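The structure under discussion appears below in the form of C-alpha cells.
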Amino acid sequence: MPEEITRLTHKYLRHDKKFPHIWCPGCGNGIVLGSLIRAIDRSGLHKDDVVLVSGIGCSGRMTVYADFNTLHTTHGRALTFATGIKLAKNSLHVIVIMGDGDATAIGGNHFIHAARRNMDLTAIIINNQIYGMTGGQQSPTTPYGSMTTTTPYGHIENAFSISELAMVAGASFVGRGTVFHVQLLDSLIERAIQKKGFSVVEILSNCHVQFGRRNKMGSPVKMMKWFQEHAVTMQKAKQMNTEDLEGNVTIGVLTDSDKPSYLEKYQLVQEQAKASLKK
Amino acid sequence: MNRTGAKRKNILLMQGNEAIVEGALAAGCRFFAGYPITPASEISEGMSIRLPQMDGTFIQMEDEIASIGAVIGASLAGVKSMTATSGPGFSLMQENIGFACMAEVPCVIVNVMRGGPSTGLPTHPSQGDVMQARWGTHGDHPIIVLAVSTVRDSFEITVEAFNLSEKYRVPVIILSDEAVAHTRETVTMPSPEEIKIIDRIKPEMPPEWYIPYEVTSTGVPPMAVFGEGYPYHITGLSHDVRGFPTQRPDETDELIRRLYRKITQGFHEIQKIKSFMMGDAEIAVIAYGSVTRSARQAVLDVRQLGIRAGLLQLVTLFPFPRESVETVLNQCRAVLVPEMNLGQISREVKRVNQKDTRVTTYNRVDGQLITPEEIYSQLIQMK
C-alpha cells in the first residue's frame, strides 16, 4: 500500500514542485484529490489527455498540485472554459473541479446549462457549505439557520441540493459521496469520468475551520463522523420513509442514463452542414 | 455570399457583420461562442451556418461571460477562436478578457458598438466603447484595439486581428458599429493565396525543457496546446515563468512588464493608420470607424475651395498610434477629431499634442451618424 501511494504521488502530483499545499490540516480537499487521481489511474487515461479545470476558491488550488494539463480559471467560469476546450479538441478528457459557491452561486447559470446541454464534461463539486477561502461567508448550500460571517444572526435562506439541481437540469450521471466514504468516492469519480455527456459528482466535505467551528460541529474527525452517521446509501434510502430520511443525506449513484451527449449531436450537425455544401 | 454560404464569385455583396464572419474564417477561426445581441447577432448566425461546414464549432452560450470563457478554452486547445457582441455584452466579458491578457491566450472579440450607457440605443451606431475596449478589464494590461470603417475593412481587419492575436498572444478587440455592421457593400474577396496568415509559435524543445512563460527576446513565449505533450499550468493569478502562482514582487513585476513589453516592441507593425491627402495638408481630420467615411468626403469637398485638408484614419486605436498622430500635429495648424461619443480618442490626441496645435472636437451622442456636411462646416471654420 505505501508503495502504491508513492507511485500515484510521483506519477500524478507535482510532488517535487508545488508542495506543501495551502489547505488547512484536516481539510477534505486532499481526500478528493486522492480519489481523483486513483480514479484517473484506474480509468487508464493518459496524463496528457486529461485537462483539469478549476475555478476560484480552496478547491481551485487543486489544479496547481495535479500534474495534468491544468487550468485555473476565473470565479464560477470553469465550466465555460471547459466547454470550449472539449468542443475544440474532443479527444481530451476534461474534468472540472469546483466548490459549492463557485459552481452554484456565481457559476450557477453555467452549471445548469452545461447539464441541460449534456456537455461532455465531468464536474466534481466539493460541497463544504461555506466560502472557506474568503473567510466563512454563507454559500448557496449553507443550511438554514447556520452561523457564518455574513449571517451573524443565523442563515435565513434555504440551501440548494446540488445533485438534484444537476438531475433536473439534464445531467446524464449524478453521484453523491462524502469525504468519509472514500471507496465509494473513487468509484463514483471513475464512473463519472467514463460517462458520455455531463456527469456530476457532489462531494460533501468538511470545512471545520470556517463552517464547523462557528456551528459547533467540532474537529475534522467529528465532522467526518457526522458524515458516517448521516449518510444513507441509495439502496437503504429506498426502504426508508421520508420522515426517517429527514436530516440525512443519500449517497451513491442518483441517476445514470444513456442519452446522447452534446458532442454526439454536434457531430451530426457538422455532417449535415458539410452535406449541404455538396448539393 | 448567399445564406448557405456557397461562394460563387469573387465580388460579393455583403454587410459588415458578414464580412467579419468571412474574415475570421479566412484567418483560420474554427470556434465561435456567442450570445444574441443587437446589432451583432448576424455574426453568430453566420458562424452557426459556416463553421460546421468546415469541421469547426459554433455554440450559443448562456451569456457573454460564458461565451468568452468558451472562446479562451478553445484557444487553449489550439483552435483560433472568436466571439462577437455589443456594449452590454462587452461589459460582461471584461473579467475574462483580463484572464486572456494575463494568461496570454490569443482570441478575438468583436464589439459592434451601439448607443450607451446601459441598454441605450440598441439599433443605432455609437463609438462610446473606445475607452472600455482599452481599459474595460481591471488591472494594468496591454491590449490591441482595431476599428473598422467599411465592409471591406471588416474582412481585412478581422484577418489582421487574428494575426496580431496569434503573434502577440493577446486578446484583440475589433470595434465596429451599427452603421458598418449593417451597411451592404460590394467587396472583392481576396483569393486565399493573397491572405497572409500568422499562427502562434508552438514549443519545439523537449517537453522537460519547456518553460511556458519564459522571458524571450520578443516577450512572447511559445504556446503549447493541451494534449500535445507539454502539460503545464495556466492561471489568472500572478505567476512565475513556469505558470505557477507567485506573490514574489520580482516575479510579478517581471511578468506585468513583459506583458507590456511584448506589445511595445511590436508598435511598428501593430499601429496601423491610413493617410488620405495628408501630403500638403495644413488642417487635418483624425477619425476612425464609420466617421472616417464622412471625413473623407468632407476633405475632398473643402479641397474644392482650396483648403488644404487631409485625413488620418486610425485603424489601430490601441496601442495608440502616437508617432503618426504626433507627425500630423506637428505638420498641421489645426486638427479636428469627430467622434460618435463625447470625446474619447480626442483625449488621446490632446495627450500627445506636444505643440500648441489646436485640437477641435466634434461630437454626436444621439445615435445618428456624423455627416460629411457637418465635418465640412467644421473644417471651413478652422481654415
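The values are calculated or read from the model by the stated rules, or taken from the named source; none is laboratory data. Not measured: the values here are computed from a predicted model. Cβ atoms come from the backbone with ideal geometry, glycine included; neighbour counts cover every protein chain shown. All accessible areas refer to the heavy atoms of the entire protein, side chains included, with ligands and DNA or RNA removed. Shrake-Rupley method; radii C 1.70, N 1.55, O 1.52, S 1.80 Å.
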Which numbered condition in (1) without any contact (Cβ under 8 Å) to a residue 60 or more places away in the chain; (2) more than 9 Å from every other protein chain (Cβ to nearest Cβ); (3) part of a helix (DSSP H, G or I) is the only one that residue A:61 fails?
(2)
Condition set closer than 19 Å to residue A:136 by Cβ and without any contact (Cβ under 8 Å) to a residue 12 or more places away in the chain, scope segment A:147-187, selection surrounded by the fewest Cβ atoms within 10 Å (Cβ to Cβ): answer is A:153
Do any strands (runs of 3 or more DSSP E) entirely within segment B:9-86 hold 3 or more residues that are acidic (Asp, Glu) and surrounded by fewer than 23 Cβ atoms within 10 Å (Cβ to Cβ), and if so, which?
none
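Taking segment A:94-110 only, how many residues are surrounded by fewer than 24 Cβ atoms within 10 Å (Cβ to Cβ) and more than 7 Å from every other protein chain (Cβ to nearest Cβ)?
Residues that pass the stated criteria total 3.
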Name the residue, out of A:35, A:91, that is outside any helix (DSSP H, G or I) and either within 30 Å of residue A:222 (Cβ to Cβ) or open to solvent by 20 Å² or more (accessible area, probe 1.4 Å) (or both).
A:91
Are any residues in segment A:39-57 more than 9 Å from chain B (Cβ to nearest Cβ), touching a residue at least 40 places away in the same chain (Cβ under 8 Å) and surrounded by fewer than 24 Cβ atoms within 10 Å (Cβ to Cβ), and if so, which ones?
A:42, A:43, A:45
Confirm whether residue B:380 is open to solvent by 10 Å² or more (accessible area, probe 1.4 Å), in contact (Cβ under 8 Å) with a residue 40 or more places away in the chain and over 28 Å from residue B:170 (Cα atoms).
yes
Write out, first by first residue and then by second, each pair whose Cβ atoms fall under 8 Å of each other, whose residues are 6+ apart or on separate chains, and whose first residue, in segment B:55-67, is facing chain A (nearest Cβ under 7 Å) and in contact (Cβ under 8 Å) with a residue 12 or more places away in the chain while the second is among the charged types (D, E, K, R) and crowded, with 23+ Cβ neighbours inside 10 Å.
B:65/A:77; B:66/A:77
For segment A:245-275, how many residues are open to solvent by less than 50 Å² (accessible area, probe 1.4 Å) and facing another protein chain (nearest Cβ under 9 Å)?
4
Within segment A:20-31, residues in a loop (DSSP other than H, G, I, E, B) and open to solvent by less than 70 Å² (accessible area, probe 1.4 Å) come out as A:23, A:24, A:26, A:27, A:28
Apart from one, (1) out of contact with any helix residue (DSSP H, G or I) (no Cβ under 6 Å at 6 or more places or on another chain); (2) in a loop (DSSP other than H, G, I, E, B); (3) modelled with pLDDT of 95 or more all hold for residue B:152; the odd one out is (2)
Given the condition aliphatic (A, V, I, L, M) and at the interface with chain A (Cβ under 8 Å from one of its Cβ atoms), answer yes or no: does some residue in segment B:80-87 qualify?
no
Taking only pairs six or more apart or across chains, which ones have beta-carbon atoms under 6 Å, a first residue in segment B:171-183 that is closer than 18 Å to residue B:365 by Cα, and a second residue that is among the basic types (Lys, Arg) and open to solvent by 10 Å² or more (accessible area, probe 1.4 Å)?
B:178/B:114
Being more than 7 Å from every other protein chain (Cβ to nearest Cβ) and part of a loop (DSSP other than H, G, I, E, B) is the filter; apply it to segment A:74-84 and report the residue that is least open to solvent (accessible area, probe 1.4 Å).
A:76
Return the residues of segment B:197-243 that are surrounded by fewer than 20 Cβ atoms within 10 Å (Cβ to Cβ) and among the hydrophobic types (A, V, I, L, M, F, W, C); say none if nothing qualifies.
B:197, B:198, B:201, B:205, B:209, B:211, B:215, B:225, B:237, B:241
For residues that are away from chain A (no Cβ under 14 Å) and either closer than 16 Å to residue B:165 by Cα or outside any loop (DSSP other than H, G, I, E, B) (or both), tally how many sit in segment B:214-235.
5
Among the residues of segment A:188-226, what is the count of those that are closer than 23 Å to residue A:111 by Cβ and open to solvent by less than 70 Å² (accessible area, probe 1.4 Å)?
19
Please work out which one of (1) under 15 Å from the mean Cα position of the chain (by Cα); (2) over 13 Å from residue B:72 (Cα atoms) is the condition residue B:97 fails and give its number.
(2)
In segment B:343-369, anything touching a strand residue (DSSP E or B) at 6+ places or on another chain (Cβ under 7 Å) and open to solvent by 100 Å² or more (accessible area, probe 1.4 Å) is listed as B:350, B:358
Spot the failing condition for residue B:94; the list is (1) more than 14 Å from chain A (Cβ to nearest Cβ); (2) surrounded by fewer than 24 Cβ atoms within 10 Å (Cβ to Cβ); (3) in contact (Cβ under 8 Å) with a residue 40 or more places away in the chain, and only one is missed.
(1)
Looking at the structure I just gave you, is residue B:120 open to solvent by 40 Å² or more (accessible area, probe 1.4 Å) and more than 14 Å from every other protein chain (Cβ to nearest Cβ)?
yes
If residue A:132 satisfies all but one of (1) facing chain B (nearest Cβ under 9 Å); (2) surrounded by 24 or more Cβ atoms within 10 Å (Cβ to Cβ); (3) of a type in the set (Gly, Ala, Ser); (4) farther than 16 Å from residue B:235 by Cα, what's the number of the condition it fails?
(1)
